[in-house]
1. Any chance region 361-374 includes a residue that's modelled with pLDDT under 95, open to solvent by 10 Å² or more (accessible area, probe 1.4 Å) and not small (Gly, Ala, Ser)?
2. Counting only residues that are assigned to a helix (DSSP H, G or I), acidic (Asp, Glu) and more than 18 Å from residue 358 (Cβ to Cβ), how many does region 216-263 have?
3. Return yes or no: is residue 314 in contact with an Asp or Glu (Cβ under 9 Å, 6 or more places away or on another chain) and over 30 Å from residue 78 (Cα atoms)?
4. Among the listed residues 114, 107, which satisfies the condition of being under 22 Å from residue 92 (Cβ atoms) and acidic (Asp, Glu)?
5. What number of residues within region 189-213 satisfy the criterion of being within 16 Å of the ligand (Cβ to nearest atom), within 10 Å of residue 56 (Cα to Cα) and hydrophobic (A, V, I, L, M, F, W, C)?
6. Would you check if there is a residue in region 18-25 being in a loop (DSSP other than H, G, I, E, B), modelled with pLDDT of 95 or more and either within 15 Å of the ligand (Cβ to nearest atom) or open to solvent by less than 10 Å² (accessible area, probe 1.4 Å) (or both)?
7. Within region 193-215, which residues are part of a loop (DSSP other than H, G, I, E, B) and either touching a Gly at 6+ places or on another chain (Cβ under 8 Å) or without any contact (Cβ under 8 Å) to a residue 24 or more places away in the chain (or both)?
8. Out of the residues in region 147-178 that are in contact with an Asp or Glu (Cβ under 8 Å, 6 or more places away or on another chain), more than 16 Å from the ligand (Cβ to nearest atom) and part of a loop (DSSP other than H, G, I, E, B), which is nearest to residue 291 (Cα to Cα)?
Amino acid sequence: MNKIQMVDLKGQYEKIKSDIDAGIQEVIDSTMFIKGSKVADFAKHLEKYLSVKHVVPVGNGTDALQIALMALELKPGDEVITPVFTFIATAEVIALMGLKPVFVDVDAATFNIDIASLEKAITPRTKAIIPVHLFGQNASMETILKIAAAHNLYVVEDACQSIGAEYVFSDGTTVKSGCMGDIGCTSFFPSKNLGCFGDGGALFTNNDELAEKIQSIANHGMKVRYYHDRVGVNSRLDSIQAAILDVKLRHLDGYTAARRNAAAFYDRALANHKDIILPVRAADTTHVFHQYTLRINGTKRDELKKYLESKEIPSMIYYPVPLHLQKAYQYLNYKEGDFPVSEYLSGNVLSLPMHTELTNQQLHYITTTILEFWD
Ligand SMILES: *Cc1c(COP(=O)(O)O)cnc(C)c1O
């Protein structure tokens, strides 16, 4: 049995090596390293895959979130609501733009933004909501969009972990993750569900005017070369990354299926254990399993993690400290106890190896070892 990894990028690459290598070589031969046709081609293909009008590739997922906030022209002091249980980037860009991050708790079952807490956090200064589709499952977007419409708020989706996940509205329409709000943001960080071989990210929107603004902001605020209409940034996906992503996009649905198969194996093997709570699949969304995250009852999570390590099984804690308890965000004056669900999750979640190359033999070994821990 091969050594088990959290993410197996090498095994995935081996299977598509000739296509990837040819794509990279093509870019090298063209020497169009920046803004080559590969980037435009990939954006077109991703627009088609997502059924969204505009995909604007940028340097990484964090840039995508920042550019989204810049495009919405929020003013210093405006409040932006985001879940407190997420990767730091979501809150970081809010703070960086001089806006006020307003944290809300998450739902213990789905790990996504809790609707009741969201509604309570809205004030006259609230201008936007950034729901995060954590671990590969969409937040309750139908309700979030209704709340946003009622209060005249923008919605920026953090779809960095959820590319390809489909949200099902109550009228039966399905829309891909990141394509429901005003702007969606994703990351192509290597370990993401659609990952490149370096940094990359993109914004999605169906709004022509926002798309034009986003294009301009990402490109030094210019449309006509050397004429700068606004203060922008420099954030671009390079052609080599685009060539890699264009190949991998063709396999994305297959990759998602492989992740779901691994999740189904975990579900079956770990079902009905009194100390293990399996990931809950919300009824209104498909799950693309960026992470397969258990909740471990009681206080043995860290001991279990160590035990797995001793058996050469990696596992990870996403996330060990909710954002309101992070040193950098103390200035917001939150305190321990403010977000009990997120605090509980930080102490009890454990993410198992999840990638496209897991074999049944590996999954069997992982799950039997987990059960052994309690014997
Ligand atoms: C990965 C990630 C980001 C940031 O993406 P980068 O490409 O690493 O900048 C933002 N939000 C979430 C939820 C993420 O998982």
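The values are calculated or read from the model by the stated rules, or taken from the named source; none is laboratory data. A quick note: this is a predicted structure, and the numbers were derived from the prediction, not measured. So basically every Cβ, Gly included, is an ideal-geometry build from the backbone, and we count neighbours across all protein chains shown. In case anyone asks, the SASA skips ligands and DNA or RNA and just uses the protein heavy atoms, side chains included. Shrake-Rupley method; radii C 1.70, N 1.55, O 1.52, S 1.80 Å.
1. yes
2. First, the residues of region 216-263 that are assigned to a helix (DSSP H, G or I): 216-218, 239-249, 252-263.
Filter again for acidic (Asp, Glu), leaving 246, 253.
Subsequent filtering for residues that are more than 18 Å from residue 358 (Cβ to Cβ) retains 246.
So the count comes out to 1.
3. For residue 314, the condition - in contact with an Asp or Glu (Cβ under 9 Å, 6 or more places away or on another chain) and over 30 Å from residue 78 (Cα atoms) - is not met.
4. Values: 107 fails: under 22 Å from residue 92 (Cβ atoms).
On inspection, the qualifying residue turns out to be 114.
5. Looking only at region 189-213, we keep the residues that are within 16 Å of the ligand (Cβ to nearest atom), and these are 189-204.
Subset that is within 10 Å of residue 56 (Cα to Cα): 201-204.
Those left that are additionally hydrophobic (A, V, I, L, M, F, W, C): 202-204.
Number satisfying all stated conditions: 3.
6. Within region 18-25, not a single residue is in a loop (DSSP other than H, G, I, E, B), modelled with pLDDT of 95 or more and either within 15 Å of the ligand (Cβ to nearest atom) or open to solvent by less than 10 Å² (accessible area, probe 1.4 Å) (or both).
7. The answer is 193, 194, 199, 200.
8. Result: 169.
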